1. Does region 57-73 include one or more residues that are within 23 Å of V32 (Cβ to Cβ), touching a Pro at 6+ places or on another chain (Cβ under 8 Å), among the β-branched types (V, I, T) and assigned to a helix (DSSP H, G or I)?
2. Among the residues of region 38-49, is there at least one that is farther than 19 Å from K139 by Cα, surrounded by 14 or more Cβ atoms within 10 Å (Cβ to Cβ) and at pLDDT below 75?
3. Select, from R88, R95, the only residue that is buried (at least 16 other Cβ atoms within 10 Å of the Cβ) and under 30 Å from L145 (Cα atoms).
4. Step by step: first the residues of region 1-22, then only those that are surrounded by 15 or more Cβ atoms within 10 Å (Cβ to Cβ) and over 18 Å from Q101 (Cα atoms), then the one that is modelled with the highest pLDDT. Which residue is that?
5. Looking only at region 105-145, count how many residues are basic (K, R) and either assigned to a helix (DSSP H, G or I) or farther than 22 Å from Y76 by Cα (or both).
6. Is it the case, given these coordinates, that L54 is aliphatic (A, V, I, L, M) and either over 16 Å from W102 (Cβ atoms) or exposed (fewer than 11 other Cβ atoms within 10 Å of the Cβ) (or both)?
7. Just one of (1) farther than 30 Å from L145 by Cβ; (2) hydroxyl-bearing (S, T, Y); (3) in a helix (DSSP H, G or I) trips up Y46, so point out which.
8. Give the residue that is surrounded by the fewest Cβ atoms within 10 Å (Cβ to Cβ), with candidates limited to residues of region 114-147 that are among the hydroxyl-bearing types (S, T, Y) and more than 14 Å from A45 (Cα to Cα).
Amino acid sequence: MAKDPLEGIKEEWLPLQIIHYSLIAGILIFMVSVLLMYPEGLFFAYPVDSVPFLIMNLCVALIPLIVVPMVKKKLYGPEKRKAETDNRQRFYAYRSYKIIQWSLSEGPALLGIVTSMILNNAVYLIFAIFHLAFLISAKPDKTELRA
């Protein structure tokens, strides 16, 4: 019979899920509030006059795609999971990895929302939607805790 990955840490699993859902809710609320700020609607155009913002958003959007796999390997790679037998220590490493992953996807999403708000251009919401999808797909999963 397989060992329960949450044995001894069940009380700490719910706060991790709450953090995840509150980050998603915060981004959604901020995105909706930006959309409601412009009742006439955001225009959707190639940002010719704001190319530096586009380059900045592209660079910041690529950071999580590059850094998250390295962080996962460093904090929660297969050799780390096999070496750690205590569920609590394994969970702490997993929690650290997830929080870093979420913050690295929340930052570019908020940057895209703020940039679209400042420039009144919906092109930058694409970055926010992409990273929101990335954040939603990065939900905490009990099967990842198994060695």
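The values are calculated or read from the model by the stated rules, or taken from the named source; none is laboratory data. Bear in mind the structure is a predicted one, so any value in this text is a computation, not a measurement. As a convention, Cβ positions derive from the backbone with ideal geometry for all residues, glycine included, and neighbour counts pool all protein chains shown.
1. Yes: one or more hits.
2. yes
3. R95
4. Filtering first and then ranking leaves I9.
5. Within region 105-145, residues that are basic (K, R) and either assigned to a helix (DSSP H, G or I) or farther than 22 Å from Y76 by Cα (or both) number 1.
6. Against the criterion (aliphatic (A, V, I, L, M) and either over 16 Å from W102 (Cβ atoms) or exposed (fewer than 11 other Cβ atoms within 10 Å of the Cβ) (or both)), L54 qualifies.
7. With respect to (1) farther than 30 Å from L145 by Cβ; (2) hydroxyl-bearing (S, T, Y); (3) in a helix (DSSP H, G or I), Y46 is out only on (3).
8. By that ranking, first place goes to T143.
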